[in-house]
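*Asks:* If you scroll down you'll find the structure; I have some questions about it.
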Amino acid sequence: FAGDITQKGYEKKRSKLVRAYVPHAGGNLATSDSPTHSPRRENIPIPLVENRSGIMTNTVAMILYSTLSIQSSAGPMSHRAPLGPPSAARFHRRRTSGTRDERYRSDVHTEAVQAVLARHVERKVAVPMPSKRRSLVVQTSMDAYTPPEEEAGPGDDMSGMEHWMSRPSQLGPAHLGSTSSSSSSTQSGGSGNAGRLADSLAHMHISHLNHSAPPDVTGYSSDSSHSHTERHHMANMGTIARNTQKYGNAERMETGDGVPVSSRVSAKIQQLVNTLKQPRRPPLREFFVDDFDELLEVQQPDPNQPRPEGAEMMPVRGEPLGVVTNWPPSLEAALQRWGTISPKAPCLTSLDTAGKPLYVLTYGKLWSRSIKLAYNILHKLGSKQEPMVRPGDRVALVFPNNDPVAFMVAFYGCLLAEVVPVPIEVPLSRKDAGSQQIGFLLGSCGVTVALTSDACHKGLPKSATGEIPQFKGWPKLLWFVTESKHLSKPPRDWFPHIKDANNDTAYIEYKTCKDGSVLGVTVTRIALLTHCQALTQSCSYTEAETIVNVLDFKKDVGLWHGILTSVMNMMHVISVPYSLMKVNPLSWIQKVCQYKAKVACVKSRDMHWALVAHKDQKDINLSSLRMLLVADGSNPWSISSCDAFLNVFQTKGLRTEVICPCASSPEALTVAIRRPVEDSSQPPGRGVLSMQGLSYGVVRVDTEERLSVLTVQDVGTVTPGGLVCVVKPEGVPQLCQTDEIGELCVCSIATGTSYYGLTGMTKNTFEVYPVSSSGGLISEYAFVRTGLLGFIGPGGLVFITGKMDGLIMVSGRRHNADDIVATALAVEPMKFVYRGRIAVFSVTVLRDERIVVVAEQRPDSTEEDSFQWMSRVLQAIDSIHGVGVFCLALVPANTLPKTPLGGIHLSEIKQLYLEGGLHPCNVLMCPHTCVTNLPKPRQKQPEIGPASVMVGNLVSGKRIAQASGRDLGQTDDNDQVRQTFLFLSEVLQWRAQTTPDHILYTLLSSRGAVSSSLTCLQLHKRAERVAALLMERGGLQEGDHVALVYPPGIDLIAAFYGCLYAGCVPITVRPPHPQNISTTLPTVKMIVEVSHSACVMTTAVICKLLRSKEAMATMDIRNWPPVLDTDDLPKKKPPALYKPTNPDGLAYLDFSVSTTGMLAGVQMSHNAVAAFCRSVKLQCELYPSREVAICLDPYCGLGFVLWCLCSVYSGHQSILIPPVELESNPALWLLAVSQLRVRDTFCSYSVMELCTKGLGLQTEALKARGLDLSRVRACVVVAEERPRMALTLSFSKLFKDLGLHPRSVSTAFGCRVNLAICLQGTSGPDPTTVYVDMRALRHDRVRLVERGSPHSLPLMESGKILPGVRIIIANPETKGPLGDSHLGEIWVHSAHNGSGYYSGYGEEVLQSDHFNSRLSFGDTQTVWARTGYLGFLRRTELTDANGERHDALFVVGALEEAMELRGMRYHPIDIETSVIRAHKSIVECAVFPWTNLLVVVVELEGSEQEALDLVPMVTKAVLEEHYLIVGVVVVTDIGVIPINSRGEKQRMHLRDGFLQDQLDPIYVAYNM
């Protein structure tokens, strides 16, 4: 396309581009000059969704587009055709085009779907199109270049023929254009759509004023009376006022989460939405409301739903089975008779791929070869003493579909040898879809021998030695080739034993279940013979008739008619292989003409293919046919194929009464069959049934000519000798009423008898005793369940409406997968997907079935086209079936698993979907429309006053939740520091005099060597010189602020004490990162500005960086305060060191950026510093002979205190390991701890994660290098969050082998107002873990549960409370104290609390109450600091060092991070944990709310092709575990989620990046 603008460049220009669409005074839309040019990206920011006929279909109008008021008369759009329902002429043209799949086609249905969609066209559906990275788009469209080579369906699958018709065009020039068309369709990345979605939310108002606007359940109110809304355009476009369109008759509604769904808003839905408003239970006035349950909505039955009204049905009997004298006593006897009386009579003709006869098998040949094979099976396998196969054993028959002759010989050979044949498909590869299950069947049948043909044997996959490998899941088999030339001649005196038919098993037919498992249905010899007799009678078969068979001869109708019944009547079968049908779809009709065949056995698909291809054929004459047996006549959609076929071929001699649909199932064999009647006066029965009635299991003939109907044809009457009744599909097999849909059950000799080896399942299926409403049995004989759903109409005609296997129960209503497929196929235009390759199945999400539709997308369809087709399919299914689709996925052509006959393998597809392995190229999820059973949103109860809380606690015997660490007052006598000095600078001077050579600090390099160290005296001397520099060059006064911009190391410490010596206030600042200076420098600048620093001190290297070109491009350093380089310090001492006098004066400022992106500086007084150091010293038992390893960032919080302050106060040696060095050498920290024999060490979560991920596979190597962690007694993770249990546990487990004691790993907890509240320390009980109910937590309650119970969340204690710290749990709203084990805000009182936020502007900061709050009740005198974290205290059974019972503090999460959704409080980390577990390719995840939608950002590890697999998995995981609907799923590359130095996710930065479209996502999905 014109211009070479890149995707990202295009995104950046978007804000400029969109202006073209805002109506100016001149108001013309900018589009390209003429419709023939490919539109330039520059002037059309939104790809127009175009029909091939040039009609602009607004089904899924882009939101920006639909909300701008465009005058089409003024703009160049006016040349387009008007919108409106398609004309009859268009229907007519479509109908005759012939490329439609006639089997699933019903004109009524197509017109119904078109009408529904036409109705939707007038409304504009606000669904933002998902955005996709360019590489992904081009990739998928080119990948799928090859058209599916097997596009037709197998036995029971749907299929299409267009590929056969239109292959040349697929490879033609249309293909070459696909890259450009698809790449222009990428649609802006990320949140351009986010903006549009917001837009659509802003405009979703119901404009019918007599309807009350549906409530927005999330607690955001929306006022629907505004005629226009204002919205901030995400790309800083300012605010544009726009007119919303008025939709008449409440065509719109918002679902619970405020996302628009298009749906007919009936009073019922309105009611449902209104009920969401009502609180779950009346609020109790008392204090105790603790035992709640979050209940999923139970779908209440619709009072107006149709109910059956007919009388109880009577079982229907087929005509009696006639007694014909010359019927043989068994099938082998029949073969013997014809083989000896008329050996020359043809039995079976096989055809080659050109349609020429390949081989004619006569009855004589069949007889002699079967005997020869029978002899060889019994006598030539194994040894004389130990034959491998004995009569009654099972043998596999593995023959390809083009070799019926070899199969027939093998089948009758087995019957004569009295072994049981198990016909199966040829395994094509070692991991064929479903072949593993076949293997299980063979194993359970005890099969050890497989009979096969020469050609097939040669074609099987072989190993290097020429052996046939064992297929996955298969037993070990001996492959035996059945060709005569490989067999020995039987001796003259050997003859097979031919008995009358008895109850021995004759053969086993395999059947694939809905879940993909394969069962073997056993058919006895008597059932086999009776079934042949019943078919002979109902089809009026006579000797020597010719029959054309297109069906699979190994099972089902093809086997019964083409192999078994044909031999009983000495008929001649012309077997048309599937491979020939693919080359020439007319071949079966040609064979009927050529052989003047009386009977043909086909499926609807064969009739459809003939319709597609018949134009080329001149001389077709079908007058010889007396019966056209339609094997899948029980599929309700076959009627359209039958009608269309009759329509076209009536002129070619086809009579109406010839078409005979039948109904059958593997268990019940033939259930019903329409007889070929001679007089055509009686037309076949059909019913036009209401889909809605069917979904409630009721037969209602549709009188109102509604759109949603199903037309069914009868499948004739019950087979001779059978008794059929209809029973309720679930529960007790009770007879249905006459107008009720149920499962057909058959009582007859001619049925299967069991599932081989499965007694339990056999009982449920083959031994059913139906009961009447009074409870009595209707027959003493057992019935067999057929798996067919239907009813018996007038005159005993059987009607089938679907299969049990295709039944999908959604909220108590039944839908049939075939019906949904038919609706999807009726959505025109069909040029985006392949007809025969659509799968519909259901998955359980949130305790109800949800519908999933998966289709294969044609390689030449563009993104917009497919997306538009998908949205139309959703609307059609919603309108016609009244059910929402949970997920609609399109996969590249040829990627769905196939059955051996080329159809789609439903259970494998479902399995792939559930595992997240489908790799779709387009996904549309609609959880908002179809998940209606979410718990009601929580209503805020009127608050209970704090006084009644106290009383309530007293009454229930609960203590108020408060706890404290040891008292700081109990000093040990030798604590000289505390008694003598108030200021840290004095402590350093004292140490420099008393222990000048004692080493305080050692800094390690990335190799683990000591790069520098500081003794007490060296530190003192350097600090003096820094002070001199500040006074001389800086000219600073006492109390001035100094920013210290240093890398982690010793310079930072010296500079800090230098500031104290000069009387200045230091602020430590992380230096900008040289690699991404543009993003890190502004933070440095901001801290320098906000802290009002009078000068900046740093190293020469950073000085140079600040003056570099890159830095200058970001911000001009000339506007900064003076920058002092401390690499060359003045040699002289300052005249006098500053002597502080006021202990409450400011010692330093602690600046940090919170996870929500707020920058805050906390003031730390000299008093607080001394108390802090003393508290840590007591807790960790620090004294001069100790060594402590510190791997933390030294810029704020406890990390800074441990790095810079504690060693000076306590005198211990600190081994400093900068975390940055671990990136090049992950083992650095642990090797240092091991080599220096350190007992106490501190790290951050990011360090721990780096070690866990980076050293996971190296533990053996590290052991060999002598890494030994057995001396570590305390390894403390310093954090300001809920302890990450999973990480600490995996760290402990991983390094357990290297001597690390799991007890030594613990966490600390601090926050802005108090930098360290808890720290595990050395003595005291181990940290405890509790399991709480996550659902209760959302309601701000703590409910303890057992480990492993559903919805349980493990919480670990955040270390022991530090000495001198008091904690209380308070209600954040009422500020009242709470009881033990109640969730509330953690308040802290301690000497080392910060003394307030630093605001250089003089005015009192907003959060003043963060540092001085008082309880509203109880102890109202104490001044507390509010941490902003939710947590609870729990008294444990353990005892503290001082003998008291130990109080454990559990931190749940930050209040500012928590999300209010559906009236409940969610912590992002909980949702993120569920998401990361959802799919193996998700490495990291972050969630944030946006308007009232939940946005989930996931980082994908793996190929971009997997990106779309994550969308359904993420949506489902969050629904199941948190009862939340995800609004937007953003899939990105690894490393996109910003993480700060403490290892915390910066969710708000991410949110800003998403809204400003800076994430460059791989895929963004908007769930509807």
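The values are calculated or read from the model by the stated rules, or taken from the named source; none is laboratory data. What you see is a predicted model, and the numbers here were worked out from it, not measured in a lab. Positions of Cβ are backbone-derived with ideal geometry, glycine not excepted, and every protein chain shown enters the neighbour counts. With ligands, DNA and RNA removed, areas are computed over all heavy atoms of the protein, side chains included. Shrake-Rupley method; radii C 1.70, N 1.55, O 1.52, S 1.80 Å.
*Asks:* Can you give the percent of C-alpha pairs in the range 839-897 whose distance is more than 13 Å?
*Replies:* Everything past 13 Å amounts to 64 percent.
*Asks:* Another question, if that's okay. Report relative contact order for the range 348-445 in percent, whole number only (criteria: Cα-Cα under 8 Å, sequence separation at least 6).
*Replies:* 27 percent
*Asks:* Further question on the same structure: Could you give the semi-axes, largest first, of the ellipsoid that matches the range 1003-1061, computed as the square roots of 5 times the alpha carbon gyration tensor eigenvalues and rounded to whole Å?
*Replies:* Taking √(5λ) for each eigenvalue gives 25, 13, 8 Å, largest first.
*Asks:* Over all directions, the average projected area of the alpha-carbon convex hull for the range 1201-1272 comes to how many nm²?
*Replies:* Mean projected area for the range 1201-1272: 5.1 nm², to one decimal.
*Asks:* While we're here: Does the range 1114-1262 come out rounded, prolate or oblate, given a ≥ b ≥ c as the square roots of the eigenvalues of its C-alpha gyration tensor, rounded meaning a/c under 1.5 and, failing that, prolate meaning a/b above b/c?
*Replies:* Because a/c hits 1.5 or more and a/b exceeds b/c, the range 1114-1262 counts as prolate.
*Asks:* For T656 and S1399, calculate 0.36 nm times their separation in residues minus their Cα-Cα distance, and state this gained length in nm to one decimal.
*Replies:* 258.2 nm
*Asks:* With Rg and the Kirkwood Rh both taken from Cα atoms, where does Rg over Rh land for the range 1087-1184?
*Replies:* Result for the range 1087-1184 is an Rg/Rh of 1.05.
*Asks:* Also, I was wondering about something else. At a 1.4 Å probe radius, carbon and sulfur cover how many percent of the accessible area of the range 1277-1346?
*Replies:* 52 percent
*Asks:* Ok, one more. 7 Å from Cα along Cα→Cβ at both R1265 and D967: what's the point-to-point distance in nm?
*Replies:* Distance between the two pseudo-spin positions: 5.0 nm.
*Asks:* Report, largest value first, the span of the C-alpha coordinates of the range 1430-1538 along each principal axis, in whole Å.
*Replies:* That works out to 60, 31, 26 Å along the principal axes.
*Asks:* Same structure again: If you build the Cα gyration tensor of the range 746-859 and take the root of 5 times each eigenvalue, what three semi-axes come out, in whole angstrom, biggest first?
*Replies:* Working from the Cα gyration tensor, I get semi-axes of 35, 17, 16 Å.
*Asks:* At 1.4 Å probe size, with every protein chain present, just tell me what the per residue accessible area of the range 345-447 comes to in Å².
*Replies:* Spelled out: the 1.4 Å probe surface of the range 345-447, per residue, equals 36 Å².
*Asks:* Also, quick follow-up: Using the C-alpha gyration tensor of the range 1480-1562, what are the square roots of 5 times its eigenvalues, in whole angstrom, with the largest one first?
*Replies:* 18, 16, 12
*Asks:* Order the peptides 752-758, 504-510 from the highest to the lowest mean number of other Cβ atoms within 10 Å of their residues.
*Replies:* So the peptides 752-758, 504-510, ranked by packing, come out 504-510, 752-758.
*Asks:* What is the distance in Å between the Cα centroid of the range 1234-1257 and that of the range 1307-1370?
*Replies:* So the two Cα centres are separated by 23 Å.
*Asks:* P(r) of the range 553-693 in 10 Å steps, Cα pairs, percent per bin?
*Replies:* It works out to 10, 42, 37, 10, 1, in whole percents.
*Asks:* Still on this model: At a 1.4 Å probe, what is the % contribution of carbon and sulfur to the accessible area of the range 594-737?
*Replies:* Roughly 52 percent, rounded to a whole number.
*Asks:* Also: Over the range 1089-1182, average the accessible area per residue using a 1.4 Å probe and give it in Å², no decimals.
*Replies:* 45 Å²
*Asks:* Which whole-angstrom value gives the distance between the alpha carbon centres of the range 1138-1197 and the range 1482-1534?
*Replies:* 39 Å
*Asks:* With the other protein chains left in place, how much accessible area per residue, in square angstrom, belongs to the range 1316-1457 at a 1.4 angstrom probe?
*Replies:* So the range 1316-1457 comes to 38 Å² accessible per residue, rounded to a whole number.
*Asks:* Hey, can you rank 1548-1558, 987-997 by average C-beta count inside 10 Å, highest first?
*Replies:* Those peptides, ordered most packed to least, come out 1548-1558, 987-997.
*Asks:* Using only the C-alpha atoms of the range 1258-1326, find the volume of their convex hull and express it per residue in Å³.
*Replies:* Hull volume normalised by residue count: 96 Å³.
*Asks:* Here's another thing I want to ask about it. Determine the principal axes of the Cα atoms in the range 1376-1506, then give the extent along each, sorted from largest to smallest and rounded to whole angstroms.
*Replies:* For the range 1376-1506, the Cα spread along each principal axis is 62, 49, 29 Å.
*Asks:* Give me the net charge for the shell around P1325: Cβ to Cβ below 15 angstrom, other residues only, Lys and Arg +1, Asp and Glu -1.
*Replies:* Summing Lys/Arg as +1 and Asp/Glu as -1 gives +1.
*Asks:* Here is a further query. When the Cα centres of the range 628-650 and the range 862-916 are compared, how far apart do they sit, in Å?
*Replies:* 26 Å
*Asks:* Further, regarding this structure: Over the range 1331-1392, what per residue volume does the convex hull of the Cα atoms give, in whole Å³?
*Replies:* About 96 Å³ per residue, rounded to a whole number.
*Asks:* Hey, for a label at D1419 modelled as a point 7 Å past Cα toward Cβ, could you say which residues of the range 1431-1458 have their backbone N under 20 Å away?
*Replies:* 1431-1436, 1440-1451, by backbone N distance to the label point.
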